[in-house]
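All remarks here apply to the structure that follows.
The values are calculated or read from the model by the stated rules, or taken from the named source; none is laboratory data. Predicted, not measured: the structure shown is a model, and the values here were computed from it. Note that we place each Cβ from the backbone using ideal geometry, even for glycine, and neighbour counts take in every protein chain shown. Heads up: the accessible areas ignore ligands, DNA and RNA and are worked out on the full protein's heavy atoms, side chains in. Shrake-Rupley method; radii C 1.70, N 1.55, O 1.52, S 1.80 Å.
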Amino acid sequence: MISSNAPCLVLVAQKWSDMKLYDYVLSGNCYKVRLLLHFLDIKCTLEPVDFYPGRAHKSPSFRRINPLEQLPVLELDDGKTRICDSQAILIYLAHKFDPSRHWFPVNEPEKLGCVVQWLTFANCITAASSRARLHDMLGYTCDITAARAHAHRAFRHLEDHLCHQEFNGINWLAGAQPTLADVACFPYTCLAGDGGIDIFIYPAIQRWLRRFATLPRFHPMPGINIR
Amino acid sequence: MTRTTIDQPEMRIDPFTYAHWYALGRKEDFPEGCALNTRLLSHSIGIRRDTDIMSITGPQGRALPIQHRYGHVWTSLSDSPRPLFDIPEFAEPGRRLVTVGGVRVRCSGLRAVENFLDMAHFPFVHTDILGVTEHAEVKKYDVKMDVEKDEIWATQCQFFQPVAAAASVAGDMVHYQYRVPHPHSVILYKSCPVDPDAWDLIGLFIQPLEEEECLVHSFLLVFDDNNTDTALLHFQQNIFLQDRVILENQVPARLPLDPRQETPTRADASSIAYRRWLKRNGVTWSTTRGAEIA
């Protein structure tokens, strides 16, 4: 396996680990894992996967890594254990490397419930926004009108919640500090424009995206358009 | 890519645009037994591949010419297309070809060519990779026409880049040449980080779908023994997707050819030459001139 120079462009951090992230540079789900690694200041080997145009995630060799044919996959430092879902990877990393329990507040049950609720909701955003993006950007077939309508339904819910939070003086999805909820929902909200979804019509979302992008050690990915 | 748009055979495509070959994708994008529809210059075309034989049909079921070159499948709406430009470096031993796959962009394909020619955006769009804001100046470079081949060359270009290529280990002054041999194709010759006497090639073969929508097929043809093809692919896709968001926000989406519409600077010498060349060849399709005529 080769650790190339190119992925280091998006991952420059201090603490070394022997973990390996199977990664696609244009994937919002891979990006959320890279983001948390940045926030936690953890360095990890990136294994680039030719998701497009090569569809290497559908290959027999990748199916041995993840039978679900999905990215990202985090291989732990034992070289054997693999975690295959972006939200699950976020939880693992936060639990393992954040002793403050700031990102995943396991000691505060009510807050924890909220965080997990938004981790699940992140999948609703991904299902619609990512589908529209793959259609518009890489030519995947889908019902683009339905995908954009589902995305707007999710973003209206997100907008309402963020307005409510702001009204109560709270800047983040699940409390006064950013948590995994924000990390999980950020990528495919911010990348919605790639799929022809106008995200600028949601003012509270815009303010939240701008707050997020000014967090220490934030790192952008292509397609992110914050005004 | 299936479209239901009704063809408009009467649509006036200027002769220069009409007469060229256009890339439709890589051969591996059309697996055996496939029958796909795509668009070219606002016309629906069908692509079939039975075993190893490919066929392309255009408006009214007309068979279109086909050729396989530079890792891509090419066709033309014209029955007597201009010869496809030559890229002799494809025959050089030791180079690696990485085809990046088509990326759809909601803008004129001509805009995508022009953006590719522009070095001034490197520090601001490709920050900390192809440029840094402390070294934002575009030094003077030469632009000339190769009259015999009817193509544009920009030479003596140089720019400070922190990570010029996947094989780079440190920032360096990078030397560039740009070549525009086709209204929708552009090739960058870039000093090679592992061999000072060689040029690496990065190019765009653009498939104009509509006047304000294109599919950008790109490639790298490089000397690089250190990076995997996938690492090179990720590097190039990362760069191009940074451009895509800029391209989709340009106004107007078509390329203006009237010099009064956008104010150029010295750094835009290659862009000015490109726009003049298009104008001299009577290009209206995908430009603001076309919109005026329509």
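Accessible area per residue was computed with a 1.4 Å probe on protein heavy atoms; A:Cys44 scores about 10 Å². The residues of the range B:17-75 present an accessible area of 41 Å² per residue when probed at 1.4 Å with all protein chains retained. Pairwise Cα distances in the range A:106-226 exceed 22 Å for 32 percent of all pairs. Inter-label distance, B:Met145 to A:Arg217: 5.6 nm, where each label sits 7 Å from its Cα along the C-beta direction. Per the accessible-area calculation with a 1.4 Å probe, the total area buried between chain B and chain A rounds to 2300 Å². Cα centroid separation, the range A:87-103 to the range B:179-201: 45 Å. On the range A:145-227, 55 percent of the accessible area sits on carbon and sulfur atoms, based on a 1.4 Å probe. Projecting the Cα positions of A:Leu35, A:Gly196, A:Pro67 onto the charge dipole of chain A (unit charges on Cβ atoms of Lys, Arg, Asp and Glu, taken about the Cα centre) puts A:Gly196 furthest along the positive direction. Separation of the range A:146-172 from the range A:177-227 is 12 Å, based on Cα centroids.
Can you tell me how the range B:98-228 classifies by the Cα gyration tensor, rounded, prolate or oblate, using a/c under 1.5 as the rounded cut? Since a/c stays below 1.5, the shape of the range B:98-228 is classed as rounded. Contact residues in the range A:128-147 (at least 40 Å² less accessible area with all protein chains than alone, 1.4 Å probe): A:Asp136, A:Met137. The chymotrypsin sites (Phe, Trp or Tyr not before Pro) found in the range A:142-227 that occupy coil by DSSP, while having at most 15 further C-beta atoms within 10 Å, are A:Phe200, A:Phe218.
Add +1 for every Lys or Arg and -1 for every Asp or Glu among the other residues with Cβ under 10 Å from the Cβ of B:Leu278, and state the total. Net charge around B:Leu278: +3. Taking the Cα atoms of chain A, the ratio Rg/Rh between the radius of gyration and the Kirkwood radius comes to 0.95. Evaluate the relative contact order of the range B:124-203 (contact order divided by residue number), counting alpha-carbon pairs under 8 angstrom at least 6 apart; express in whole percent. Once divided by the residue count of the range B:124-203, the mean separation gives 21 percent. Amide H to amide H, with H built 1.01 Å from N, B:Glu210 comes under 5 Å of B:Ser42, counting only residues 5 or more places away or on other chains. For the range A:10-97, which whole-number percentage of the solvent-accessible area (1.4 Å probe, protein heavy atoms only) is attributable to carbon and sulfur atoms? Of the solvent-accessible surface of the range A:10-97, carbon and sulfur hold 50 percent. Within chain B, the ratio Rg/Rh, alpha carbon atoms throughout and Rh by Kirkwood, equals 0.95. Contact order, relative form, for chain B: 20 percent (alpha carbon pairs under 8 Å, 6 or more residues apart, mean separation divided by residue count). Carbon-plus-sulfur accessible fraction, chain B (probe radius 1.4 Å, protein heavy atoms only): 52%. When +1 charges are put on Lys and Arg Cβ atoms and -1 charges on Asp and Glu Cβ atoms, the dipole computed for the range A:50-202 relative to its Cα centre reaches about 480 debye. Given in Å, the Rg to one decimal and the Dmax to the nearest whole number for the Cα atoms of the range B:122-167 are 13.7, 40. The label point for B:Arg69 and the one for B:Glu92, both projected 7 Å from the Cα toward the Cβ, are 1.8 nm apart. A dipole drawn for the range B:32-123 from +1 and -1 charges on Cβ atoms has a positive end, and of B:Leu97, B:Gly46, B:Trp74 the residue lying farthest that way is B:Gly46. Heavy atoms of the protein chains alone define the surface here; on that basis the range A:25-167 has 44 Å² accessible area per residue at 1.4 Å probe size. Divide the volume of the convex hull around the Cα atoms of the range A:10-97 by the residue count and you get 82 Å³ per residue. Using a probe of 1.4 Å, the accessible surface attributed to B:Ser270 totals some 10 Å² when neighbouring protein chains are kept in position. Under the combined filter of DSSP loop state and at most 12 neighbouring Cβ atoms within 10 Å, the range B:154-247 retains none of its trypsin sites (Lys or Arg not before Pro). Burial of accessible area (probe 1.4 Å, heavy atoms of protein chains only) in the range B:199-236, relative to its chain alone, reaches at least 20 Å² for B:Asn226, B:Asn227, B:Thr228, B:Thr230, B:Ala231, B:Leu233, B:His234, B:Phe235.
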